[in-house]
Amino acid sequence: MDSQVSNGSGLEAAHITDLLVFGFLQSSKYNFHQELEALSQELPVEVYLDADFEDELQTDGSRASRSFYQGRIEPDSESQEEIIQNIARRLAHVGDEMDHSIQPTLVRQLAAQFRNASLSEEDRRNCLAKALDEVKTAFPRDMENEKAMLIMTLLLARNVASHAPSLLPDVFRTTVNFINQNLFAYVRNLVRNGMD
């Protein structure tokens, strides 16, 4: 199984972050199931909610991969999707342990900013960056900065979506854009290395 992110028939770089953020949100305990299901229909890549795989557990304990890309099955995409889902699950698990460091007042403030329809996408990314700056002191000292920043970004997105489920599409888009602008090299390396 090749865990390289290819530029050929594999997932496009832009879709890697979509799958990672979606997988993190899906792997978390959340109260926005309907919104997540609706979001899955809007994404440019095929994603499946965990319930879609309930009857497709393989004899080796893994789930069947059903990734379709541009209407055809892509072997590289299937393995990449599986790697990204595993990374998202691991990040969500680590995030659960770090979640206590995000203050509810920060989540409420960020949700209020996302509700402000007059804010541009860039303004929302700046609000997210400011919130990240506020929680930087809570980053574990034994964790590399990029990993902590990625997990905290994903946690902020999850917490805002949990606080105000109707904001999920906007929070998702802003989180994906923020990660693509600030952490994509790190995410690409995670996928290439399968998060060893």
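Tabulated results
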item	result
Probe 1.4 Å - accessible area at I102, Å² to nearest ten	10 Å²
Rounded to the nearest 10 Å², the accessible area of M98 at probe 1.4 Å	10 Å²
Viscosity 0.890 mPa s, 25 °C: Kirkwood-radius Stokes-Einstein D of region 85-137 over Cα pairs, µm²/s	196 µm²/s
Accessible area, probe 1.4 Å, largest first, for residues V187, V94	V94, V187
Loop-located GluC sites (Glu not before Pro) in region 133-196, at most 13 other Cβ atoms within 10 Å (DSSP)	E144
E12, E81, ranked by accessible area, largest first (probe 1.4 Å)	E12, E81
Å² per residue, accessible surface of region 99-196 at 1.4 Å	48 Å²
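The values are calculated or read from the model by the stated rules, or taken from the named source; none is laboratory data. Only a predicted model underlies this, so the values are computations on that prediction, with no experimental measurement involved. So basically every Cβ, Gly included, is an ideal-geometry build from the backbone, and we count neighbours across all protein chains shown. SASA here: full protein model, heavy atoms, side chains in, ligands and nucleic acids out. Shrake-Rupley method; radii C 1.70, N 1.55, O 1.52, S 1.80 Å.
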